[in-house]
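Mind having a look at this structure? Questions to follow.
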Amino acid sequence: MAELGGHADALPALLALGGFPEPFTSGSEAFARRWALAYRERLLREEVTALETASDLGKLELLALALPQRVGSPLSLNALREDLQVSQPTVARWVEILERVYGIFRIAPFGAPRLRAVKKAMKHYPCDWSVVADPGPRSENLVAGHLLKWVEFQRDTQGRALELRYFRDIDGREVDFIVVDGAGQPVAAVECKLADDAVAPGLRYLEARFPALNAWQVSATGRRDYVSAEGVRVAPAARLLRDLI
């Protein structure tokens, strides 16, 4: 969004076409779909075989096809193992391979000692969010890409030891993204919605425990822009994303 001048009308095109220059500048969803297929083919047939040893590219491709359907939830390697009929260590290695060749990126859970947090499974997001069919997870994926870029920019240029995480506790409360500083303290939280909605319980929960938290709830298609009684900024996603590098 920042690279495009921060204009809100750029967001629907970003959601539909993805963030890579060639499909985005084409302005064509059909071209973007063809580009995404060719991109996956290059990753699997050229990048993976050049850098890694993968004995079953057919099933690795099935994994690459399955991952976009699971965006937005902690990734169950056991479920993937059952679907692909391979061992869990093999699935784990294949996921790591896709991460190393920039097919996906993953974020770990955030768990402070005073929170009843889930501390194991990671969430994943394709670098090309256009392959995520469901509009809700796709918009979450877009926000994830923007936040990861900002966190890595802060690390590289300012030396800030920031990390991008997510929060989910055993009582079912969750927040899509938490930015954590070098001391392990949350400094920002972002919850993603497709449209205008009430403030998520997970955001209210974290805001009550970390009053200095910069908490946002953003929506891909919503129009409401206000600060809730708990101090959560509720706004269209473009309002947050335009200020991220």
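Nothing in this text is a laboratory measurement; each read-out follows from the coordinates by a stated rule. A quick note: this is a predicted structure, and the numbers were derived from the prediction, not measured. Reconstructed Cβ throughout: ideal geometry from the backbone, glycine too, with neighbour counts over all protein chains shown.
Nearest-5 percent of antiparallel DSSP beta bridges in the chain?
55
What is the diffusion coefficient of region 1-58 in µm²/s, taking the Kirkwood radius over Cα pairs and the Stokes-Einstein relation at 4 °C with a viscosity of 1.567 mPa s?
99
Then there's this: I need the Kirkwood Rh of region 87-208: take the reciprocal of the average 1/r across all distinct C-alpha pairs and report it in angstrom.
Radius from the Kirkwood sum: 15.5 Å.
Quick one: net charge around Ala235, please, counting Lys, Arg +1 and Asp, Glu -1 for every other residue with C-beta under 13 Å from its C-beta.
Neighbour charge sum, excluding Ala235 itself: +1.
Going highest first, how would you order 10-23, 128-141 by mean Cβ packing within 10 Å?
Per-residue mean Cβ counts within 10 Å order the peptides as 128-141, 10-23.
OK, next. Test of understanding: express the Cα radius of gyration of region 169-235 as a ratio to 2.2 N^0.38 Å, with N the residue count.
So region 169-235 has a normalised radius of gyration of 1.07.
Based on DSSP H runs of at least 4 residues, each adding -39500 (n - 2.57), what is the mean residue ellipticity at 222 nm of the chain after dividing by all its residues, to the nearest 500 deg cm²/dmol?
Calculated at 222 nm, the ellipticity per residue is -12000 deg cm²/dmol.
Follow-up question, since we're still on this one. Grab the beta carbon distance between Ala195 and Glu41, set R0 = 41 Å, and tell me the FRET efficiency rounded to 0.05.
Computed FRET efficiency for Ala195 and Glu41 comes out at 0.75.
A follow-up question, please. Tell me the net charge near Ile245. Cut-off is 9 Å between Cβ atoms, Ile245 excluded, with +1 for each Lys or Arg and -1 for each Asp or Glu.
-1
With the Cα gyration tensor of the chain in hand, give its eigenvalues times 5 under a square root as the equivalent ellipsoid semi-axes, listed largest first in whole angstrom.
With the √(5λ) rule applied to the chain, the semi-axes are 30, 23, 16 Å.
So what's the net charge close to Trp35: Lys and Arg +1, Asp and Glu -1, counting the other residues with Cβ under 12 Å from its Cβ?
Result for the local shell: 0.
At what distance in angstrom do the alpha carbon centres of region 35-108 and region 168-245 lie from each other?
30
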